[in-house]
1. Criterion first (farther than 28 Å from residue 137 by Cβ, aliphatic (A, V, I, L, M) and touching a residue at least 12 places away in the same chain (Cβ under 8 Å)) does residue 80 satisfy it?
2. Residues in segment 36-49: is at least one over 17 Å from the mean Cα position of the chain (by Cα), in contact (Cβ under 8 Å) with a residue 60 or more places away in the chain and not in a strand (DSSP E or B)?
3. Starting from segment 1-26, keep only residues that are without any contact (Cβ under 8 Å) to a residue 40 or more places away in the chain and of a type in the set (Gly, Ala, Ser), then list their pairs with residues that are outside any helix (DSSP H, G or I) and surrounded by fewer than 21 Cβ atoms within 10 Å (Cβ to Cβ) whose Cβ atoms are within a distance under 8 Å, requiring at least 6 positions of separation or different chains.
4. Just to be sure, is residue 65 on the phi < 0 side of the Ramachandran plot and assigned to a loop (DSSP other than H, G, I, E, B)?
5. Of the residues that make up segment 154-168, is at least one of a type outside the set (Gly, Ala, Ser) and in a helix (DSSP H, G or I)?
6. Tally the residues that are small (Gly, Ala, Ser), buried (at least 20 other Cβ atoms within 10 Å of the Cβ) and part of a loop (DSSP other than H, G, I, E, B), restricting the search to segment 126-151.
7. Can you tell me how many residues in segment 147-170 are under 16 Å from the mean Cα position of the chain (by Cα) and not small (Gly, Ala, Ser)?
Amino acid sequence: MTMATPTLHTARLRLRPFTEADADQLFALHGNPYVMRYWDSPPWDDRARAERFVDRCRKMAAEGSGARVAIDRASDGAFVGWCGLTGWNPDYRSASLGYILDEAMWGHGYATEAANALLQWAFGALDLNRVQAEADTRNVASARVLEKIGFVREGTLREDCVVNGEVSDSWVFGLIRREWRPAAVPISAPEERY
């Protein structure tokens, strides 16, 4: 079963399917060691990884296992980063949330706004009951984003990642449909693309 990758609009952002034209920006984002310091893989050193990422996003939608969207700033079209729901399980009505933003875009509330928009779409279109997310325990800013949108910290995965030889723990967060409160500013109706 395919999953439509939506195009969503918020007050300040546009969330949309990836295109080949995003490869350079994706490579710059995932190639930045500072941005990737809490990620579960090292920074990219090969631009071809960005092209494969775009292909995987399309395959994920075609397989019906998730949706990843590029985030652009509405005012000027600047690439902000991406947000996605992966591991969608229609039987359990669950999925996992992830996001990564360009360093210049941190501290403006874009992660919160984008995640809220994607969750609003997903709780409606996918009939989700539970969304899970993980954050490196050193990434306090990401944990704050998750808590702002209603996630509850449910536990710690001890020493679950080793990146560049450094062992780290991750917090597990969960959001249950009945506990989720959509953002005060609604998103516009999605344009769905496959």
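Throughout, read-outs are computed from the coordinates displayed, never taken from laboratory work. Since we're looking at a predicted model, the values are computed, not measured. No Cβ is skipped: glycine too gets one built from the backbone with ideal geometry, and neighbour counts run over all protein chains shown.
1. No.
2. Yes, segment 36-49 contains a residue that is over 17 Å from the mean Cα position of the chain (by Cα), in contact (Cβ under 8 Å) with a residue 60 or more places away in the chain and not in a strand (DSSP E or B).
3. Short answer, once both residue conditions are applied: 23/47.
4. Values: on the phi < 0 side of the Ramachandran plot: yes; assigned to a loop (DSSP other than H, G, I, E, B): yes.
Taking the combined requirement at face value, the residue satisfies it.
5. No, segment 154-168 has no match at all.
6. So the first thing to find is which residues in segment 126-151 are small (Gly, Ala, Ser), and the list is 133, 135, 141-143, 150.
Filter again for buried (at least 20 other Cβ atoms within 10 Å of the Cβ), leaving 133, 135, 142.
Filter again for part of a loop (DSSP other than H, G, I, E, B), leaving none.
Of the residues in segment 126-151, 0 are small (Gly, Ala, Ser), buried (at least 20 other Cβ atoms within 10 Å of the Cβ) and part of a loop (DSSP other than H, G, I, E, B).
7. 4
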